[in-house]
Amino acid sequence: PPGRIEIITGPMFSGKSEELIRRLKRARIARQRVACYKPDIDLRYHRTAIASHSSHTHDASTVTTVEDLRAVLFPQLDQVEVIGIDEVQFFSEAVIPLAVELVHLGKRVVMAGLDTTFAAEPFGPVPNLMAIADEVTKLSAVCMVCGAPAIHTQRLGQSQELVVVGATGFYEARCRAHFHPWVDEL
Ligand code: ADP
């Protein structure tokens, strides 16, 4: 079967995890075997599953690096048809050649991740993954100020660290008009 690279992207709360979970569940209904991974930086809710903000879940293995992912995946690769990766923005650029290798082996690779940081800058490998994908799905969230479609992730409060994972309340989805690349009042 021909391989395929699918990217699901957009800001926080846009339904990326939900959409990834939906696609993986449908693959399993089609009797395809699925392996799902996420970086261990995302401690939201589960260590052994991916979870959406609306509490849908799918089993997943936590891996630290792309090399770690490869080491876990390749021994069982002939028993896997579909590979899901959530929070792919936290992996290094090495995830790009891995995805290309997998697609040439006939695998379907479905990856979800943020396209931009809270500073509205390209986030990790995601923009380059979008460039090489067969299909890109860019989702929007709902602006927490006005209800318009939101493409940005607004950080609230004072932290300047790139990664403050998971917690609702530290981030909001915002439209262009209500997004400030500096931190907003909590
Ligand atoms: P992502 O993976 O993109 O962060 P999730 O799939 O985890 O998104 O969560 C999407 C769900 O979050 C929506 O179905 C909805 O229930 C909830 N949600 C909370 N705040 C918002 C918002 N501002 N816009 C859209 N959905 C929101």
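The values are calculated or read from the model by the stated rules, or taken from the named source; none is laboratory data. It should be emphasised that the depicted structure is a prediction, and the values quoted were computed from it without experimental measurement. Quick reminder, even Gly has a Cβ in these numbers, built from the backbone with ideal geometry, and neighbours come from all protein chains shown.
Among the residues of segment 97-107, is there at least one that is within 16 Å of the ligand (Cβ to nearest atom), out of contact with any helix residue (DSSP H, G or I) (no Cβ under 9 Å at 6 or more places or on another chain) and not in a loop (DSSP other than H, G, I, E, B)?
Keep residues of segment 97-107 that are within 16 Å of the ligand (Cβ to nearest atom), which gives none.
No, because not a single residue in segment 97-107 is within 16 Å of the ligand (Cβ to nearest atom), out of contact with any helix residue (DSSP H, G or I) (no Cβ under 9 Å at 6 or more places or on another chain) and not in a loop (DSSP other than H, G, I, E, B).
Would you point out which residue out of 62, 57 is more than 16 Å from the ligand (Cβ to nearest atom), surrounded by 14 or more Cβ atoms within 10 Å (Cβ to Cβ) and of a type in the set (Ser, Thr, Tyr)? Quick ask: steps written out before the conclusion?
Numbers: 57 fails: more than 16 Å from the ligand (Cβ to nearest atom).
Step by step, each of 62, 57 is checked, and only 62 is more than 16 Å from the ligand (Cβ to nearest atom), surrounded by 14 or more Cβ atoms within 10 Å (Cβ to Cβ) and of a type in the set (Ser, Thr, Tyr).
Of these, 14, 52, which one is within 14 Å of the ligand (Cβ to nearest atom), in contact (Cβ under 8 Å) with a residue 40 or more places away in the chain, hydroxyl-bearing (Ser, Thr, Tyr) and crowded, with 16+ Cβ neighbours inside 10 Å?
Values: 52 fails: in contact (Cβ under 8 Å) with a residue 40 or more places away in the chain.
Checking each option against the conditions leaves just 14.
List every residue pair whose Cβ atoms lie under 9 Å apart, where the two residues are 6 or more positions apart in sequence or sit on different chains, the first residue falls within segment 117-146 and is in contact (Cβ under 8 Å) with a residue 12 or more places away in the chain, and the second residue, located anywhere, is of a type in the set (Phe, Trp, Tyr) and within 11 Å of the ligand (Cβ to nearest atom).
So the pair list comes out as 118/171; 141/13; 142/13; 144/13.
Looking only at residues in segment 135-175 that are β-branched (Val, Ile, Thr) and at pLDDT 95 or above, which one is farthest from the ligand (Cβ to nearest atom)? Steps first, answer last, please.
Of the residues in segment 135-175, the ones β-branched (Val, Ile, Thr) are 136-137, 142, 145, 151, 153, 163-165, 168.
Subset that is at pLDDT 95 or above: 136-137, 142, 145, 151, 153.
Working: 136: 15, 137: 11, 142: 4, 145: 10, 151: 11, 153: 9 Å.
Taking the candidates together, the pick is 136.
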